[in-house]
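Asker: Dropping the structure in here first, questions after.
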Amino acid sequence: MTSLNPQPYTFSQRAQKITSSTIREILKVTERPEIISFAGGLPAPKGFPIDIIYAAYEKVLNHNGKAALQYGPTEGYRPLREWVAQDLKRVGAHDVNVDQVLIVSGSQQALDLLGKLFIDPGSKVLVEAPSYLGALQSFSLYEPNYVAVPTDDKGLIPEGLTDDRVAHARFIYALPNFQNPTGRTLNLERRKALVKRCAEANLPIIEDDPYGDLRYAGEPLPGLLGLGREVGATVIRLGSFSKVLAPGLRLGYIVAPEAIIAKLVQIKQATDLHTATLTQMAVYETIHEGFLNFHLPAVREIYKEQCGYMLEAMQEFFPASAKWTRPEGGMFIWVTLPEHIDAYELLSRAIKKHVAFVPGEPFYAGAEPVRNTLRLSFVTVSKERIREGIEILGRLIAESAVS
Ligand code: PMP
């Protein structure tokens, strides 16, 4: 007998559990040119150093073409690993050696490899509430049991790492700088308290820091990696070239104790052998003589200006009943609406007026989602369209506040 709805494929249970991401669904709508989209998380193309990267690829292919087009070691291109190890001094980690660095195909791959390394079905994993959706998606493939660590206006609350929460947890995933989605930054006191508590509890920290170099206000703070080493905490740091150069390169790195790197190397080998040799060599060629010292101030300026446009428009057009974060860097502003407004309901009205954003709900795991929250990205929209879009959103929020 033939079925009317044949299911020709038997997918793994793991694959069957994956649902399409809310952001991806929203982004489909926002591709329409008439939509003013604050939904995407794309870096500013104005900041992509196209000529410099072009010249680097040309030089590598001319001078070292055979090696650049050959297979390479899983650990990554050694000069690039050495560059990463010494560059970490800027965030207060002075004693990193090359064997503690693994080059990956974007920090998104790092999240997947770490999921494979640490998570069995049902393993306890601690995440901030809210947290980066892409990490939740990566980890979820390995079927963890998420437990949320409470946060407030200043980010993760270290005292929230109670004995109950940390017991048998495999790791905590933390975003100390300009967090995605909230734009919040963990202050020095909390950073120190967090690494101290994790050292005591023997709880590894995954520090995801793709935005650290995009600080355009306030003072730089030491990363968890350096602070953790002072107190004996295990910190696995993820870095990325996506926001400092360009995301299409798909290049990032993991810094961790050698024993963890050795396991990750085995896992990465099984996943993709190694990250593209040509890309690694071209990026090394681009940055090794200090290009980022010139480039980063220009990139920060773009983000600072864009952020300023949005904050200014929000100040002018949002009702006093809405609250929002004022990021010191990065790409996102987090809005808390009056409690009775559901951000999904606001989104459906906003899309009719050609404005899009991401509701806060999907960023929560292991905790009741706060449905009156949303994320705005200010990076790729022009000043005029930011004003126009924020004015529309402000009006829609004010309308729901009185209805
Ligand atoms: N972590 C965070 C917090 C991010 O926001 C992103 C990109 N949106 C990534 C990791 C992945 O970055 P990539 O793979 O491009 O390095």
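Asker: Could you please let me know if residue 273 is surrounded by fewer than 17 Cβ atoms within 10 Å (Cβ to Cβ), on the phi > 0 side of the Ramachandran plot and over 19 Å from the mean Cα position of the chain (by Cα)?
Answerer: Answer is yes for this residue.
Asker: Right, here's the next one. Mind counting the residues in the range 161-191 that are in contact with a Pro (Cβ under 8 Å, 6 or more places away or on another chain) and under 14 Å from residue 148 (Cα atoms)?
Answerer: The number of residues fulfilling the criteria is 3.
Asker: From the list 218, 212, 290, which residue is free of Cβ contacts under 8 Å to residues at least 24 places away in the same chain and either touching a His at 6+ places or on another chain (Cβ under 7 Å) or more than 23 Å from residue 125 (Cα to Cα) (or both)?
Answerer: The match here is 290.
Asker: Still on this structure, I have one more. Quick check on my filter: what residues within the range 274-289 are in a helix (DSSP H, G or I) and small (Gly, Ala, Ser)?
Answerer: The answer is 282, and nothing else.
Asker: Now a separate question. Given the residues 371, 326, which is the only one that is at pLDDT 95 or above, closer than 19 Å to residue 152 by Cβ and in contact with a Pro (Cβ under 8 Å, 6 or more places away or on another chain)?
Answerer: Just one listed residue meets the conditions, 371.
Asker: Helices (runs of 4 or more DSSP H) wholly in the range 88-198 with at least 1 residues that are at pLDDT 95 or above, under 30 Å from residue 72 (Cα atoms) and away from the ligand (no atom under 16 Å from the Cβ) - which ones?
Answerer: Those helices (runs of 4 or more DSSP H) span 107-118.
Asker: Under the condition of being more than 19 Å from residue 85 (Cα to Cα) and of a type in the set (S, T, N, Q), which residue from the range 249-284 is nearest to the ligand (Cβ to nearest atom)?
Answerer: That would be 271.
Asker: Another one. Is it fair to say residue 85 is of a type outside the set (S, T, N, Q), part of a helix (DSSP H, G or I) and closer than 24 Å to residue 195 by Cβ?
Answerer: yes
Asker: Follow-up question, since we're still on this one. Criterion first (under 26 Å from the mean Cα position of the chain (by Cα), surrounded by 15 or more Cβ atoms within 10 Å (Cβ to Cβ) and assigned to a helix (DSSP H, G or I)) does residue 374 satisfy it?
Answerer: Judged against the criteria, residue 374 is not a match.
Here's the yes/no breakdown for (1) more than 22 Å from residue 184 (Cβ to Cβ); (2) among the aliphatic types (A, V, I, L, M); (3) touching a Lys or Arg at 6+ places or on another chain (Cβ under 6 Å):
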{"residue": "315", "(1), (2), (3)": "no, no, no"}
{"residue": "326", "(1), (2), (3)": "no, no, no"}
{"residue": "335", "(1), (2), (3)": "no, yes, no"}
{"residue": "353", "(1), (2), (3)": "yes, no, no"}
{"residue": "356", "(1), (2), (3)": "yes, yes, no"}
{"residue": "367", "(1), (2), (3)": "no, yes, no"}
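Asker: Okay, moving on. Mind counting the residues in the range 174-210 that are crowded, with 23+ Cβ neighbours inside 10 Å and closer than 23 Å to residue 39 by Cα?
Answerer: So the answer is 14.
Asker: Another question, if that's okay. Please indicate, with yes or no, whether at least one residue in the range 292-301 is exposed (fewer than 15 other Cβ atoms within 10 Å of the Cβ), more than 19 Å from the chain's Cα centre (by Cα) and either within 16 Å of the ligand (Cβ to nearest atom) or in a loop (DSSP other than H, G, I, E, B) (or both).
Answerer: No, the conditions are met nowhere in the range 292-301.
Asker: Okay, moving on. Using the structure shown, decide if residue 167 is over 22 Å from residue 366 (Cα atoms) and of a type in the set (Gly, Ala, Ser).
Answerer: It is false that residue 167 is over 22 Å from residue 366 (Cα atoms) and of a type in the set (Gly, Ala, Ser).
Asker: A follow-up question, please. Give the residue that is nearest to residue 95 (Cα to Cα), with candidates limited to residues of the range 207-244 that are of a type in the set (Ser, Thr, Tyr) and touching a Gly at 6+ places or on another chain (Cβ under 6 Å).
Answerer: That would be 240.
Asker: May I pose another question? Please work out which one of (1) closer than 24 Å to residue 171 by Cα; (2) within 16 Å of the ligand (Cβ to nearest atom); (3) surrounded by fewer than 24 Cβ atoms within 10 Å (Cβ to Cβ) is the condition residue 242 fails and give its number.
Answerer: Checking residue 242 against (1) closer than 24 Å to residue 171 by Cα; (2) within 16 Å of the ligand (Cβ to nearest atom); (3) surrounded by fewer than 24 Cβ atoms within 10 Å (Cβ to Cβ), the one that fails is (1).
Residues are listed down the side, and each one gets a yes or a no for (1) within 21 Å of residue 129 (Cβ to Cβ); (2) over 13 Å from the mean Cα position of the chain (by Cα):
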| position | (1), (2) |
| --- | --- |
| 172 | yes, yes |
| 183 | yes, no |
| 187 | yes, yes |
| 192 | no, yes |
| 196 | no, yes |
| 209 | yes, no |
| 215 | no, yes |
| 227 | no, yes |
| 236 | yes, yes |
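Asker: Can you tell me how many residues within the range 237-273 are in a helix (DSSP H, G or I) and more than 15 Å from residue 44 (Cα to Cα)?
Answerer: 15
The values are calculated or read from the model by the stated rules, or taken from the named source; none is laboratory data. Predicted, not measured: the structure shown is a model, and the values here were computed from it. Methodologically, a virtual Cβ is constructed for each residue, glycine included, from the backbone with ideal geometry; neighbour enumeration extends over all protein chains shown.
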